[in-house]
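Trainee: Here it is: the structure, laid out below.
The values are calculated or read from the model by the stated rules, or taken from the named source; none is laboratory data. The structure displayed is predicted, hence computed values, not measured ones. Every residue, glycine among them, receives a Cβ derived from its backbone with ideal geometry; neighbour counts consider all protein chains shown. Side chains are part of the model used for accessible areas, which takes the heavy atoms of the whole protein and leaves out ligands, DNA and RNA. Shrake-Rupley method; radii C 1.70, N 1.55, O 1.52, S 1.80 Å.
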Amino acid sequence: MNNPLHIFTVVGARPQFIKAAVVSRAIEQYNRDAPPRILKEDIIHTGQHYDHGMSRVFFDEMEIPEPAANLGVGSGSHGAMTAAMLVGLEKEMLARRPNLVLVYGDTNSTLAGALAAAKLHVPVAHVEAGMRSFNRRMPEEINRVLTDHVSDLLFCSSDSSRDLLAGEGITEGVHVVGDVMMDAAMYYRDRAIRPKRTSAFALCTLHRAENTDDVERLGRILSALGGSPVPVVFVIHPRTDKVVRRHRIEVPGVVEVVASMSYLEMLGHLEECLFVITDSGGLQKEAYFFGKKCITIRNETEWTELVDADANRVVGADPDRIAAAFEWAGGGLSDPKPIYGTGEAGDKIVRILSAT
Ligand code: UD1
């Protein structure tokens with residue numbers, strides 16, 4: 001086939017593997033249908049997440065194509081990490097000469113991919129564009145704003161993201177396609193690995209710097225979780241685990257700490273849980289996909305549609321608000337609307353990419 005479109009996909013952190021799995025599969029499907037122009041994808045892993053349970057297991061379980069390269073950047077300060085990624089990604093881009101660079105979400109790997117490409121005049125496509133918390137102290141907010149402003153194609157999960165971009169003067173190349181995590185949840189749901197427990201439980205994750213870097217705040221949150229009416233399965237991120245151990249933060253008896261889970265295990269827990277407690281962006285959406293209410297342990301959220309739908313309560317680290325949210329969350333959601341599309345975001349993205 002003549003002149004394939006060569007896509008260079010940058011991933012590095014756990015949520016990006018999940019999102020990239022959807023688009024990679026859509027690319028393969030597109031190519032199978034004998035299109036006028038083949039799409040050739042090279043996945044480059046920055047190595048931001050490197051533990052087996054944070055990286056490899058997702059590639060295996062979700063059947064993500066093997067990365068063409070892994071930069072092995074690992075952890076470090078934001079500057080050191082992003083700089084090492086920039087150097088590595090620029091080298092790979094110069095060697096592989098892609099026509100387009102595809103980045104996901106808001107991590108340091110997203111920013112590094114977008115910046116390296118923009119400086120080499122390679123068009124950038126950003127999946128999950130237009131998300132804003134309006135809190136510039138979050139590293140993710142800096143990553144989002146900068147990435148959107150150097151992107152040529154901006155794929156939004158919902159109308160509100162498109163409107164936010166318009167407010168910043170970005171109107172060209174913006175497409176509302178739905179959310180690729182919705183596609184993933186729908187595609188992998190049948191393979192979900194359900195937990196063995198039979199009694200009601202809440203599903204919890206916490207890893208944001210704003211919660212984990214403030215030991216007093218993390219202690220306050222964990223102590224407030226002690227008021228949960230049902231056991232809390234706390235799926236701990238390595239970042240949080242380190243802080244809890246180092247500072248010997250007390251974990252109440254009702255909170256059961258378990259190691260990070262694979263995607264299919266997480267889906268099984270989402271199916272079975274009573275409600276969700278999290279500071280993650282992705283899990284707020286996933287709770288909704290599975291008809292569960294979400295208590296968000298942050299001071300603001302980007303997923304404001306969920307708050308408007310009374311599916312999400314943003315409670316900060318305030319023990320009284322957390323306690324009040326427990327009462328609210330037990331009921332579950334009746335009839336969640338398809339705010340984030342109906343599972344076709346990946347196909348829409350690929351169709352738009354193929355037309356560039
Ligand atoms: C990153 C993203 C965040 C995303 C999250 C998903 C940034 C700024 N943040 O946060 O937006 O929601 O990923 O998980 O990019 N660590 C390990 N093993 C690993 C990976 C990390 O032990 O496989 C440890 C690191 O050593 C470090 C800590 O976790 O101490 C933080 O890792 P980092 O990638 O900087 O940020 P996350 O908290 O994972």
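Trainee: Looking only at helices (runs of 4 or more DSSP H) that fall completely inside the stretch 7-123, which ones have 2 or more residues that are farther than 25 Å from Ser157 by Cα? Walk me through it before giving the result.
Mentor: Details: elements: 14-32, 56-61, 78-96, 108-119.
Once the helices (runs of 4 or more DSSP H) in the stretch 7-123 are filtered for at least 2 residues that are farther than 25 Å from Ser157 by Cα, what remains is 56-61, 78-96.
Trainee: I'm trying to understand the selection: among the residues of the stretch 310-331, which are under 16 Å from Cys204 (Cα atoms), open to solvent by 20 Å² or more (accessible area, probe 1.4 Å) and assigned to a loop (DSSP other than H, G, I, E, B)?
Mentor: Gly330
Trainee: A follow-up question, please. Among the residues that make up the stretch 214-229, is at least one of them under 21 Å from the mean Cα position of the chain (by Cα), surrounded by 16 or more Cβ atoms within 10 Å (Cβ to Cβ) and of a type outside the set (Asp, Glu)?
Mentor: Let us first name the residues in the stretch 214-229 that are under 21 Å from the mean Cα position of the chain (by Cα), namely none.
No, that holds for no residue.
Okay, residues lined up against (1) under 17 Å from Ala116 (Cβ atoms); (2) more than 11 Å from the ligand (Cβ to nearest atom); (3) in contact with a strand residue (DSSP E or B) (Cβ under 9 Å, 6 or more places away or on another chain):
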| site | (1), (2), (3) |
| --- | --- |
| Leu5 | no, yes, yes |
| Ala21 | no, yes, no |
| Ala34 | no, yes, no |
| Arg37 | no, yes, yes |
| Thr46 | yes, no, yes |
| Met54 | no, no, no |
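Trainee: If you check Ile352 against the conditions, is it buried (at least 23 other Cβ atoms within 10 Å of the Cβ), modelled with pLDDT of 95 or more and not hydroxyl-bearing (Ser, Thr, Tyr)?
Mentor: On the way: buried (at least 23 other Cβ atoms within 10 Å of the Cβ): no; modelled with pLDDT of 95 or more: yes; not hydroxyl-bearing (Ser, Thr, Tyr): yes.
Answer is no for this residue.
Trainee: Looking at the stretch 98-117, can you tell me whether even one residue there is open to solvent by 50 Å² or more (accessible area, probe 1.4 Å), of a type in the set (A, V, I, L, M), modelled with pLDDT of 95 or more and closer than 19 Å to Ile142 by Cβ? Give the derivation first.
Mentor: Here is the first cut: in the stretch 98-117, the residues open to solvent by 50 Å² or more (accessible area, probe 1.4 Å) are 99, 115.
Checking which are of a type in the set (A, V, I, L, M) leaves us with 115.
Remaining after also requiring modelled with pLDDT of 95 or more: 115.
Adding the requirement that they be closer than 19 Å to Ile142 by Cβ leaves 115.
So far as the stretch 98-117 goes, yes, one or more of its residues are open to solvent by 50 Å² or more (accessible area, probe 1.4 Å), of a type in the set (A, V, I, L, M), modelled with pLDDT of 95 or more and closer than 19 Å to Ile142 by Cβ.
Trainee: Follow-up. Does at least one position in the stretch 289-298 carry a residue that is among the charged types (D, E, K, R), in contact (Cβ under 8 Å) with a residue 12 or more places away in the chain and more than 16 Å from the ligand (Cβ to nearest atom)?
Mentor: First, pick out the residues of the stretch 289-298 that are among the charged types (D, E, K, R): 292-293, 298.
Subsequent filtering for residues that are in contact (Cβ under 8 Å) with a residue 12 or more places away in the chain retains 292-293, 298.
Those still in the list that are more than 16 Å from the ligand (Cβ to nearest atom) too: 292-293.
The answer is yes; a qualifying residue exists.
Trainee: Which of the residues belonging to the stretch 231-248 are away from the ligand (no atom under 16 Å from the Cβ) and touching a helix residue (DSSP H, G or I) at 6+ places or on another chain (Cβ under 9 Å)?
Mentor: From the stretch 231-248, those away from the ligand (no atom under 16 Å from the Cβ) are 231-233, 248; that's our starting set.
Once the filter is applied, which keeps residues that are away from the ligand (no atom under 16 Å from the Cβ) and touching a helix residue (DSSP H, G or I) at 6+ places or on another chain (Cβ under 9 Å), the stretch 231-248 yields Val232, Val233.
Trainee: Which one is nearest to the ligand (Cβ to nearest atom) among residues in the stretch 178-211 that are among the β-branched types (Val, Ile, Thr) and closer than 27 Å to Arg298 by Cα? Spell out how you get there, then give the answer.
Mentor: Here is the first cut: in the stretch 178-211, the ones among the β-branched types (Val, Ile, Thr) are 180, 193, 198, 205.
Pick out the ones that are also closer than 27 Å to Arg298 by Cα and you get 180, 205.
On the way: Val180: 15, Thr205: 9 Å.
Filtering first and then ranking leaves Thr205.
Trainee: Here is a follow-up. Tell me yes or no: at least one residue of the stretch 55-67 is surrounded by fewer than 18 Cβ atoms within 10 Å (Cβ to Cβ) and of a type in the set (Ser, Thr, Tyr).
Mentor: no
Trainee: Next up: Please work out if Glu265 is away from the ligand (no atom under 15 Å from the Cβ), in contact with a Pro (Cβ under 7 Å, 6 or more places away or on another chain), in contact (Cβ under 8 Å) with a residue 60 or more places away in the chain and open to solvent by 40 Å² or more (accessible area, probe 1.4 Å).
Mentor: Working: away from the ligand (no atom under 15 Å from the Cβ): yes; in contact with a Pro (Cβ under 7 Å, 6 or more places away or on another chain): no; in contact (Cβ under 8 Å) with a residue 60 or more places away in the chain: yes; open to solvent by 40 Å² or more (accessible area, probe 1.4 Å): yes.
For Glu265, the condition - away from the ligand (no atom under 15 Å from the Cβ), in contact with a Pro (Cβ under 7 Å, 6 or more places away or on another chain), in contact (Cβ under 8 Å) with a residue 60 or more places away in the chain and open to solvent by 40 Å² or more (accessible area, probe 1.4 Å) - is not met.
Trainee: Could you list all residues from the stretch 33-54 that are modelled with pLDDT of 95 or more and open to solvent by less than 30 Å² (accessible area, probe 1.4 Å)?
Mentor: Result: Leu39, Asp42, Ile43, Ile44, His45, Thr46, Gly47, Gln48, Gly53, Met54.
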